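This report concerns only the one structure given below.
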Amino acid sequence: MGPNDLWSAWVWSPFITVPLALSAIWYAIGLQALWRASARGRGVRAWEAACFGAGWLVLALALVSPIHPLGEVLFSAHMVQHELMMVVAAPLLVLGRPLVPYVWALSPQWRRAVGDAARAPGFRATWNGLTRPSTTWFLHAAAIWIWHAPLLYQATLDNALLHTLQHVSFLATALLFWWSVLRGARLGYGASVAYLFATMLHTSALGVVLAFASSLWYPAYAATTTRWGLTPLDDQQLGGLIMWIPGGVSYLVASLVLVARWMRESESRAELREEVAARAAVAQWRLS
């Protein structure tokens, strides 16, 4: 693919478009059912639904737009695609609380059945273990580092099934990771920030290695970058910079947002304690 072919290179594979469409339709049906049963903004707030919509659009952009085929000829474009999926779409989708609308999209009988299954000790133990922050951090880190190993990464460019598996593992582990760290108060803001910082460190380290590498890691791009005005090594180094700087900044921004929420909640709790203490003092004064 060359520059002249870029804007016509949209991907309409049913294996991508059908799951994307179903996920959006299912969310919309469930959200409508939830708000009809309670009130608009109850269960899932309007801004959370907007986050899901934005995350869905970013994911569709990464998988359906010309970014996808461009990633087969430029490593840097492939890196943009991965970063859109992992550090933009994934946290936005998590903030959209999709499990709630997805359950509400079911019939009342199936909704009760899912609720009973979710409360079963075996399921709860498995889910809690899978979504433990240390587990999700390790799974996401392993997916990133393993798939960027030269031999395996090269194989994904020649094998559609492996390429799909790479994208599924990136997105799935990113969703689990962001779900575990964005729980905030449940996990503890300090722990959430620590896991985000650790992720920023190891992804930035991989980006730095790629950005300063003096040899080509992925020879499959050796014959495809020239038409885009880049040498293969320039393309690889640009991809490393994308992972290092924009990717790292995303984790930093998320950390700062959590710290701001942490401080705001701490201030609210302090104000509440002061108000309770003041009321107690007034009540004691009246009794004396």
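The values are calculated or read from the model by the stated rules, or taken from the named source; none is laboratory data. All figures in this text were calculated on a predicted structure; none of them were measured in a lab. Here the Cβ positions follow ideal geometry from the backbone for every residue, glycine too, while neighbour counts run over all protein chains shown. Just the protein is used for accessible areas: all its heavy atoms, side chains included, with ligands, DNA and RNA removed. Shrake-Rupley method; radii C 1.70, N 1.55, O 1.52, S 1.80 Å.
Inspect region 34-47 for any residue being surrounded by 17 or more Cβ atoms within 10 Å (Cβ to Cβ), within 18 Å of the chain's Cα centre (by Cα) and not polar (S, T, N, Q) and give the result as yes or no.
No, the conditions are met nowhere in region 34-47.
From Ile29, Ile16, which residue is under 18 Å from Val168 (Cβ atoms) and surrounded by 14 or more Cβ atoms within 10 Å (Cβ to Cβ)?
Numbers: Ile29 fails: under 18 Å from Val168 (Cβ atoms).
None of the other options fit; the residue is Ile16.
Suppose the filter is surrounded by 15 or more Cβ atoms within 10 Å (Cβ to Cβ), touching a residue at least 24 places away in the same chain (Cβ under 8 Å) and under 25 Å from Thr135 (Cβ atoms); does Gly190 pass it?
No, not satisfied.
Condition first: open to solvent by 40 Å² or more (accessible area, probe 1.4 Å) and outside any helix (DSSP H, G or I). Now tell me which residues in region 128-138 satisfy that.
Arg132 - this is the single residue of region 128-138 that is open to solvent by 40 Å² or more (accessible area, probe 1.4 Å) and outside any helix (DSSP H, G or I).
Test Trp178 against the stated conditions and say whether it is in contact with a Leu (Cβ under 9 Å, 6 or more places away or on another chain) and open to solvent by 40 Å² or more (accessible area, probe 1.4 Å).
Numbers: in contact with a Leu (Cβ under 9 Å, 6 or more places away or on another chain): yes; open to solvent by 40 Å² or more (accessible area, probe 1.4 Å): no.
When the stated conditions are applied, Trp178 does not pass them.
Please specify each residue of region 106-127 satisfying the condition of being open to solvent by less than 70 Å² (accessible area, probe 1.4 Å), at pLDDT below 90 and not hydroxyl-bearing (Ser, Thr, Tyr).
Pro108, Arg111, Ala113, Val114, Gly115, Ala117, Ala118, Ala120, Gly122, Ala125
Part of a helix (DSSP H, G or I), open to solvent by 10 Å² or more (accessible area, probe 1.4 Å), closer than 22 Å to Phe52 by Cβ and of a type in the set (Val, Ile, Thr): does that describe Val208?
For Val208, the condition - part of a helix (DSSP H, G or I), open to solvent by 10 Å² or more (accessible area, probe 1.4 Å), closer than 22 Å to Phe52 by Cβ and of a type in the set (Val, Ile, Thr) - is not met.
Within region 211-231, take every residue that is assigned to a helix (DSSP H, G or I) and open to solvent by less than 30 Å² (accessible area, probe 1.4 Å) and give me the one that is nearest to Gly188 (Cα to Cα).
Ranking the candidates gives Ala211 first.
Taking only region 30-50 into account, find how many residues are in a helix (DSSP H, G or I) and within 24 Å of Leu106 (Cβ to Cβ).
If we filter region 30-50 for residues that are in a helix (DSSP H, G or I), which is where we start, we get 30-37, 46-50.
Subsequent filtering for residues that are within 24 Å of Leu106 (Cβ to Cβ) retains 30-37, 46, 48-50.
The qualifying residues number 12.
For region 141-161, name all the residues that are assigned to a helix (DSSP H, G or I) and open to solvent by less than 50 Å² (accessible area, probe 1.4 Å).
Answer for region 141-161, where residues must be assigned to a helix (DSSP H, G or I) and open to solvent by less than 50 Å² (accessible area, probe 1.4 Å): Ala141, Ala142, Ala143, Ile144, Trp147, Tyr153, Gln154, Ala155, Thr156, Leu157.
Taking Val103 as meeting all but one of (1) part of a helix (DSSP H, G or I); (2) at pLDDT below 90; (3) in contact with a Lys or Arg (Cβ under 9 Å, 6 or more places away or on another chain); (4) among the aliphatic types (A, V, I, L, M), write down the number of the exception.
Status for Val103: all satisfied but (2).
If a residue must be in a loop (DSSP other than H, G, I, E, B) and among the acidic types (Asp, Glu), how many such residues does region 51-100 contain?
Residues meeting the conditions: 1.
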